[in-house]
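Please read the structure below before turning to the comments.
The values are calculated or read from the model by the stated rules, or taken from the named source; none is laboratory data. Predicted, not measured: the structure shown is a model, and the values here were computed from it. All Cβ positions, even for glycine, are placed from backbone atoms using ideal geometry, and neighbour counts span all protein chains on display.
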Amino acid sequence: MAGLLNWFSQVGAIAKFGLMSIPQRRGAVSATIIGIAGVVLVLVGVLSIAAGFRRTMLASGSPDAAIVLRSGADSEMVSGFGRNEARLIADAPGVARNAAGPLASAELFVIINLPKRSTHTDANVPLRGVEAAALAVRDHLTLTAGRMFAWGRNEVVVGAGAAREFAGLEVGGTIKVGRESWPVVGVFTANGGVAESEIWTDARVLQDAYHRGDSFQSVYARLNSAAAFAQFKDALTSNPQLSVKVLRQSEHYAEQSEAITRLITTLGFLIAFLMAIGAVFGALNTMYSAVAVRTREIGTLRALGFGNGAVIAALMIESLLLALLGGTVGGGLAYLAFNNLHAATMNWQSFSQVAFAFAVTPQLLLQGVVWATLIGLIGGLLPAIRAARLPIAAALREY
Amino acid sequence: MRFLHLIWGNLTRKKLRTALTLLTVLVAFVLFGFLSAIRQALVGGVELAGADRLIVRHKVSIIQLLPVAYQARMERIPGVAAAVHQTWFGGIYQDPKNFFMQSPVVPAEFMAMYPEFILPPEQMRAWLATRTGAIVGRKTAERFHWKIGDRIPIMSPIWMRKTWEFDLVGIFDGRDKGTDTTALYFRYDYFDEVRQTQNWGQGLVGWYTIRVKDPAQAADTARRVDEEFANSPAETKTEPEGAFVQAWANQVGNITLIVAGILGAVFFTILLVTGSTMSQAVRERIGELGVLKAIGFTNGQVLGLVLAESCLLTVLGGGLGLGLAWLIIARGDPTGGLLPMFFLPGRDLLLGFGLSLALGLVTGLLPARQATRLRVADALRRL
Amino acid sequence: MSENTAGQSALVRVEGVEKVFHRGAEDIHVLSQLNLEVPAGQFLALMGPSGSGKSTLLNLIGGLDRPTQGTVHVGGDRLDTLSDRALAAWRARHVGFVFQLYNLIPVLTAERNVELPLLLTPLSPAERRKHVATALAVVGLSHRAKHYPRTLSGGEQQRVGIARGIVTDPTLLLCDEPTGDLDRKAGDEVLNLLQALNREQGKTIVMVTHDPHASARAARTVYLNKGRLTNEPEQ
Ligand SMILES: Nc1ncnc2c1ncn2[C@@H]1O[C@H](COP(=O)(O)OP(=O)(O)O)[C@@H](O)[C@H]1O
Ligand SMILES: [Mg+2]
């Protein structure tokens, strides 16, 4: 017990000398801290794109809601139903109902060109035709400006993300569909979900404008409960009149975001990994210089009877402290710079734009700190071992 | 050059420190090379776009189809040399992850429009002779180990919802390093024939490419094309190929900005690490620099020595890093198909080299100034 | 010997020199109204207690520093008015330095160290090699040419330092306590060498020392005390 205490006080004494010599080598020390902060900043920054994108996708679907596509279709773009099939789906068991009937919305999904506000170049913006139940089958749909479009009229409401990203999408603006101009009468939010990137109108109006007859591309349904999904799915897939694919909305959106999250995550890790290697070299440099500056001091302490283990531990502590400081600075900067930064990108699966916000999540920050700690450990270990290995006599002769 | 051994001697004075700094710089330039390749893959198409080509698509969106009859009408418009069409096939080969583009085209006119696709003449003849024939770019052929004579099954969820089978009759190469050789092209007559049997979508195509007679008149020609189809059920939007590709890249997001941001952070970091190492190295030998000055070295020569040392370090690290990046990138797209044009352009190699030199100058400048400001008598006292 | 002819044959002429250092608000008057003439070919020892300004004076003569007041002539050149650049060029041509701690560049071999001053001349590599070989032969270290300083003894390092000082064949050799860090035997070797250079090659040598044993080798000794020069040690 006393030995342990003694050991701790030895470590403390050496660490204190080390920390006190920091002003003397402030150049190298701040370079290390900033180097590690840079790694964490870039890591967290890049991954926050993927996290934000995934968050938007996951916010879009609750487990008690389902989407039905034609079988074989991996997105609404290539799916299609007639009116009869849509009705069969809406009447299937498991679908929730209210006074107006089943909570199911048969929808149409097309794309129109609108200029991005940031670049003034055309982008593919989703235009969705919905039925009255559309609001009930999605969570947290709220109008924040203007009013809902009137059923049967050539009017649209736009998601808040779309309104932010694309020119002309504000209450009072118009969009051109074919040769007609349709007024924008309202703006809605959907808890940050994909719907916020879309323009909505009445499905029948869109069918007419696009000469689609009485056809739809998907059916969105609210179920009695999350558990009712199996019943609903079985009923549809076993119905010989239908050839459909049934998914929980959450599954559907996870599938939709998979490619892009994979791309960003792969590249993000690769970049951060390379940067981390660079930072390890930087940290090694600093800690070697920390040891070099104090070779004589450490030699003296060891001559006085301080143990090798204490020398190593003290140097590791110093290195870790610097790394954690760097990691905290990097994480903090990433949070300030990137959290909630708005952006829009192409979702290849739906061939259209998705507006989202970068998300610097606690997990990402934690990940950043873990990387910083690893860099500090690796950067501190070798120099610490060198310091402990140095023959005492040689160390005393230094300088 | 007569000072080279002195510079080299200084660099090897603390071998470990020099090696670590060199590796830091090296890593920064591997990253530079890597990000350059990513940027090239995402926005490089803009530079490769034909200056004499226009893209014509449906005004409302590219997913809406245009009548095939527009081709003849376009070719009658003054200023238009030729028009060809393509159609998004959206097919899946075995797994949706194996993404590459497919399109039906009219072989002879299509290959004339895109001289950057190089197809051996006998393969072209075979394509013209085979209704179900298809040609594919080198990259995709290598990716799936396809050979001429293979039958390629491709399931299209858009067209007929069936698995189409094509006979691979040719493999084309790219004329330029950045030419996209990932697409598969098959015959439009075969495509339309199958559509007729199902009575769905026949006579419709995705978009057109026009070659203009005079690139200087491209804007006028584009306006005339759009006027030709104004007030029809399928109005068009015509723009230069470069603008079309740029808009496409912008849809992905502002890649150049993101890449520049990351590189900025990386280089700032490296600058600090290298700079602090250099000034430490200079501080340690103030006395020696004083001796050199006593011997008769001028301030300029001392400045040159320190700058040469830092530049040698960064150019060495930068050169090795770029070389390593080049080797890694030559092994191909790390995402497995999402980045079809993944390579390190020569221009970026040069830029990287220039950057490494600049890095050496910037990091060396402060310590070098320290060294020259030093009065000889003071430096000697610090021995 | 008239005043006039003495002035002409003097290689070094220091007249009315003041040197004041500023340390914070405090002024340190190190040299005041100091005059010194060193005739060409003389071996002069400069003695004095530590901190008396010997190195300061040597630096003025060697063009490493400028006087606060007064003039310094060496050969036909007036040093105190030359620009930094011109001073550097002047040092490269006319003067060789020998330091107490040898001050060899640790990353260069003995011959590369000796070669350093020649890098500032237009000599070809072959000519440089010849001069280096001669200088190393003079100090008797031809066999250690490829050795690094840390593998040489103190006396050997100092002899390499002297070889570096004479390799450009300067008229004036300035030595700041060249034996200060050496034992008696090695110190004697260095002093023998300096004496030989003075006698056989006619080098003018100014040597700072506080060792009477060293100053005894010189033809003349002057003493620096409280900023002034005398010909006798002050009590
Ligand atoms: N650059 C300087 N700044 C301030 N004081 C100096 C400087 N150089 C020398 N001195 C002071 O001048 C005095 C003489 O120094 P120096 O010529 O080195 O003496 P020494 O006779 O021992 O060689 C000392 O008091 C020293 O502190
Ligand atoms: Mg002195």
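When segment C:188-230 is limited to residues that are among the β-branched types (Val, Ile, Thr) and within 16 Å of ligand 2 (Cβ to nearest atom), the one that is farthest from the other protein chains (Cβ to nearest Cβ) turns out to be C:222.
Only one of the listed residues (B:62, B:55, B:38) is at pLDDT below 90, in contact with a strand residue (DSSP E or B) (Cβ under 7 Å, 6 or more places away or on another chain) and either on the phi < 0 side of the Ramachandran plot or more than 9 Å from every other protein chain (Cβ to nearest Cβ) (or both). That residue is B:62. Here residue A:25 meets the list (1) in contact with a helix residue (DSSP H, G or I) (Cβ under 7 Å, 6 or more places away or on another chain); (2) more than 11 Å from chain B (Cβ to nearest Cβ); (3) in contact (Cβ under 8 Å) with a residue 40 or more places away in the chain almost entirely, failing just condition (2).
State whether the residues of segment B:82-102 include one that is assigned by TED's automatic domain parsing to the domain that holds residue B:227, within 19 Å of residue B:169 (Cβ to Cβ) and without any contact (Cβ under 8 Å) to a residue 12 or more places away in the chain. Within segment B:82-102 (the criterion being assigned by TED's automatic domain parsing to the domain that holds residue B:227, within 19 Å of residue B:169 (Cβ to Cβ) and without any contact (Cβ under 8 Å) to a residue 12 or more places away in the chain), the answer is no, since none of the residues qualifies. Has segment B:118-130 got at least one residue that is surrounded by 15 or more Cβ atoms within 10 Å (Cβ to Cβ), within 14 Å of another protein chain (Cβ to nearest Cβ), within 25 Å of residue B:210 (Cα to Cα) and within 25 Å of the chain's Cα centre (by Cα)? No, segment B:118-130 contains no residue that is surrounded by 15 or more Cβ atoms within 10 Å (Cβ to Cβ), within 14 Å of another protein chain (Cβ to nearest Cβ), within 25 Å of residue B:210 (Cα to Cα) and within 25 Å of the chain's Cα centre (by Cα). Residues that are within 11 Å of ligand 2 (Cβ to nearest atom) and within 17 Å of residue C:172 (Cβ to Cβ) within segment C:29-55 comprise C:46, C:54, C:55, listed in sequence order. Residue selection: residue B:319 fails the criterion of being surrounded by fewer than 19 Cβ atoms within 10 Å (Cβ to Cβ), assigned to a helix (DSSP H, G or I) and within 14 Å of chain C (Cβ to nearest Cβ). Can you work out which of the residues in segment B:238-248 that are under 18 Å from residue B:38 (Cα atoms) and at the interface with chain A (Cβ under 9 Å from one of its Cβ atoms) is surrounded by the fewest Cβ atoms within 10 Å (Cβ to Cβ)? Checked segment B:238-248; the qualifying residue surrounded by the fewest Cβ atoms within 10 Å (Cβ to Cβ) is B:246. Count of segment A:189-212 residues, restricted to those that are crowded, with 24+ Cβ neighbours inside 10 Å and aromatic (Phe, Trp, Tyr), is 1.
Among the strands (runs of 3 or more DSSP E) confined to segment C:1-109, the ones with at least 3 residues that are away from ligand 1 (no atom under 16 Å from the Cβ) are located at C:10-23, C:26-39, C:69-74.
Of all residues in segment A:223-238, at least one satisfies being more than 21 Å from residue A:46 (Cβ to Cβ) and either basic (Lys, Arg) or within 14 Å of another protein chain (Cβ to nearest Cβ) (or both). Scanning segment C:125-173 for residues that are hydroxyl-bearing (Ser, Thr, Tyr), under 22 Å from the mean Cα position of the chain (by Cα) and in a loop (DSSP other than H, G, I, E, B) returns C:153, C:168, C:171. Evaluating residue C:181 against the criteria (1) under 22 Å from residue C:147 (Cβ atoms); (2) out of contact with any strand residue (DSSP E or B) (no Cβ under 9 Å at 6 or more places or on another chain); (3) more than 16 Å from ligand 2 (Cβ to nearest atom) leaves one unmet condition, (3).
Yes or no, residue by residue, for (1) in contact with a Leu (Cβ under 8 Å, 6 or more places away or on another chain); (2) without any contact (Cβ under 8 Å) to a residue 12 or more places away in the chain; (3) within 14 Å of chain C (Cβ to nearest Cβ):
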{"residue": "B:208", "(1), (2), (3)": "yes, no, no"}
{"residue": "B:212", "(1), (2), (3)": "yes, no, no"}
{"residue": "B:258", "(1), (2), (3)": "no, yes, no"}
{"residue": "B:263", "(1), (2), (3)": "yes, no, no"}
{"residue": "B:272", "(1), (2), (3)": "no, yes, no"}
{"residue": "B:275", "(1), (2), (3)": "yes, no, no"}
{"residue": "B:298", "(1), (2), (3)": "no, yes, yes"}
{"residue": "B:305", "(1), (2), (3)": "yes, no, yes"}
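All of B:171, B:154 fail the test of being within 14 Å of chain A (Cβ to nearest Cβ), closer than 25 Å to residue B:341 by Cα and aliphatic (A, V, I, L, M), apart from B:154.
With respect to residue B:332, determine if the residue is within 36 Å of the chain's Cα centre (by Cα) and assigned to a loop (DSSP other than H, G, I, E, B).
yes
When A:286, A:295 are checked against the criterion of being buried (at least 20 other Cβ atoms within 10 Å of the Cβ) and of a type in the set (S, T, N, Q), A:286 stands alone in meeting it.
Can you tell me which residue within segment C:57-69, out of those that are surrounded by 22 or more Cβ atoms within 10 Å (Cβ to Cβ) and within 12 Å of ligand 2 (Cβ to nearest atom), is nearest to the other protein chains (Cβ to nearest Cβ)? The extreme case among them is C:59. Any residue that is in a strand (DSSP E or B) and without any contact (Cβ under 8 Å) to a residue 60 or more places away in the chain - is there at least one of those in segment A:189-197? So far as segment A:189-197 goes, yes, one or more of its residues are in a strand (DSSP E or B) and without any contact (Cβ under 8 Å) to a residue 60 or more places away in the chain.
Looking only at residues in segment A:323-359 that are in contact with a Ser or Thr (Cβ under 9 Å, 6 or more places away or on another chain), part of a helix (DSSP H, G or I) and within 11 Å of another protein chain (Cβ to nearest Cβ), the one that is nearest to residue A:76 (Cα to Cα) is A:338. Looking only at residues that are within 9 Å of another protein chain (Cβ to nearest Cβ) and outside any helix (DSSP H, G or I) in segment B:364-383, which one is nearest to ligand 1 (Cβ to nearest atom)? This residue is B:375.
Can you name every residue in segment A:241-260 that is among the polar types (S, T, N, Q) and either surrounded by fewer than 17 Cβ atoms within 10 Å (Cβ to Cβ) or within 10 Å of chain B (Cβ to nearest Cβ) (or both)?
The answer is A:241, A:243.
For segment A:111-125, filtered to residues that are closer than 21 Å to residue B:236 by Cβ and more than 7 Å from chain B (Cβ to nearest Cβ), the residue that is nearest to the chain's Cα centre (by Cα) is A:125. Note on segment C:133-183: among residues that are within 16 Å of ligand 1 (Cβ to nearest atom) and away from chain B (no Cβ under 13 Å), the one that is farthest from residue C:201 (Cα to Cα) is C:179. The criterion of at least 3 residues that are hydrophobic (A, V, I, L, M, F, W, C) is met by the following helices (runs of 4 or more DSSP H) wholly inside segment B:49-164: B:107-113, B:121-129.
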